[in-house]
Amino acid sequence: MPSTTSKNVLLVHAHPEPTSATRHLVQVAIHTLEAQGHTVTQSDLYGMGWKAVFDQDDFLTRANPERLAFIDESGHAYATGSQTPDVEREQAKLLAADAVILLFPLWWFGMPAIMKGWIDRVWAFGLAYGYQDAGNTYRYGEGGLAGKRAMLAVTVGGPAIDYEPRGINGPLEQLLFPITHGSLFFPGMQVLPTFAVYDAVRIDAGRMALIESSWQTRLQDLFDSAPIAFRTQNGGDYPDRHVLAEDVVPGLFGLDAHIKA
């Protein structure tokens with residue numbers, strides 16, 4: 001049975017067209033989650049006119065005015081409360097959320113630049129990395145965002161066959177690994193399997209009804225379904241916190257080695 005406890009869910013979405021499949025998924029998500037009693041907060045990145053470029057203007061005061069070192073300045077701004085107001089607002093939404101859903105079209109095998117810029121600017125040193133000023137001690141399963149759930153909802157222009165294990169584009173979950181394993185699992189979030197809509201530019205009413213039903217089912221299980229079984233850094237599989245132990249899936253290399261079978 002889906003969880004009946006009220007939660008806070010943050011929807012971060014990036015598509016400029018209100019009639020797009022991505023924006024339709026957003027509306028279905030709002031209605032479905034609110035019907036379950038959850039509180040839904042949005043970050044409509046195009047609607048907000050979100051500043052995507054992470055640069056010197058993100059630092060209201062500088063730890064070192066002579067040289068722009070992003071890690072140092074990000075940590076200084078986060079620790080001293082001198083981040084820009086837009087970043088602070090988004091971090092407040094993020095920290096209040098029990099689950100974060102990123103909804104976006106797959107553009108050139110990744111997320112739109114405006115959403116990448118949201119992560120670049122909001123994922124501050126001291127929060128999403130460098131947690132507790134302990135270097136890489138708390139990452140991949142631990143960190144400032146531990147305890148939260150995350151999921152991607154991705155609209156894909158091409159057909160599903162292109163993203164099958166031997167498809168010409170490669171498996172979608174592997175293409176999205178830098179986001180699921182990197183941007184989301186790195187700071188400690190539990191990441192659910194991606195919800196994907198293929199052939200998103202050719203959806204008739206009948207198929208849209210099926211998509212809506214499937215999406216509603218996924219959302220109803222948002223707080224109950226099993227996350228992707230990424231291996232945690234501090235769970236024993238990486239004795240030096242860098243490389244898998246020799247007795248862990250010996251002979252298996254690449255992305256799949258970092259997911260428990």
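The values are calculated or read from the model by the stated rules, or taken from the named source; none is laboratory data. Note that the structure is predicted; figures quoted are calculated from it, not measured. With ideal geometry, Cβ positions are generated from the backbone for all residues, glycine too; neighbour counts draw on all protein chains shown. We work out accessible area using only protein heavy atoms, side chains counted, and drop any ligands, DNA or RNA first. Shrake-Rupley method; radii C 1.70, N 1.55, O 1.52, S 1.80 Å.
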Two-decimal Rg/Rh of the chain from alpha-carbon positions, Kirkwood Rh? 0.97
Describe numerically, in nm with one decimal, the distance between label points set 7 Å from Cα along Cα→Cβ at residue 169 and at residue 88. 4.1 nm
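What is the total of Lys pairs in the chain with C-alpha atoms under 21 Å apart, excluding same-chain pairs fewer than 8 positions apart? Mind dumping the intermediate values first?
Details: 7/93; 7/148; 51/93; 51/116; 93/116; 93/148; 116/148; 148/260.
Within the chain, the lysine pair count is 8.
Can you check how the C-alpha radius of gyration of segment 123-261 compares to 2.2 N^0.38 Å, as a plain ratio? List each step's numbers first, then the result.
Numbers: Rg = 17.2 Å, N = 139, 2.2 N^0.38 = 14.3 Å.
Cα-based Rg divided by the globular estimate yields 1.20.
What is the percent carbon and sulfur in the accessible area of the chain, measuring with a 1.4 Å probe over the protein chains and ignoring ligands?
Details: 6950 of 12750 Å².
Here it works out to 54 percent.
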In Å², and per residue, what accessible area does the chain have when probed at 1.4 Å with the other protein chains present? 49 Å²
Given springs between every Cα pair under 10 Å in a Gaussian network model of the chain, which of 75, 236, 182 has the largest fluctuation? 236
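Full extension from residue 95 to residue 53: what is 0.36 nm times the residue separation minus their Cα-Cα distance, to one decimal in nm? Don't jump to the answer; show the numbers that get you there.
On the way: separation 42, 0.36 × 42 = 15.12 nm, distance 2.22 nm.
Working it through step by step, the gained length comes to 12.9 nm.
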Hey, any idea what Rg/Rh is for segment 189-261, computing Rh the Kirkwood way over Cα pairs? 1.17
Rounded to the nearest 10 Å², the accessible area of residue 241 using a 1.4 Å probe with every protein chain kept is 100 Å²
In the Gaussian network model of the chain, springs joining C-alpha atoms below 10 Å, which of 152, 210, 25 carries the largest mean-square fluctuation? 210
Give me the distance between the Cα centres of segment 1-57 and segment 235-251, rounded to whole Å. 37 Å
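Based on DSSP H runs of at least 4 residues, each adding -39500 (n - 2.57), what is the mean residue ellipticity at 222 nm of the chain after dividing by all its residues, to the nearest 500 deg cm²/dmol?
-8000 deg cm²/dmol
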Taking only Cα atoms and a 10 Å spring cutoff, compute GNM fluctuations for the chain and point out the largest among 105, 187, 159. 159
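Rounded if a/c is under 1.5, else prolate if a/b beats b/c, else oblate: with a ≥ b ≥ c from the C-alpha gyration tensor eigenvalues square-rooted, which is segment 1-78? Write out the running numbers ahead of the final one.
Working: a/c = 4.58, a/b = 1.99, b/c = 2.30.
Cα axes put segment 1-78 in the oblate bin.
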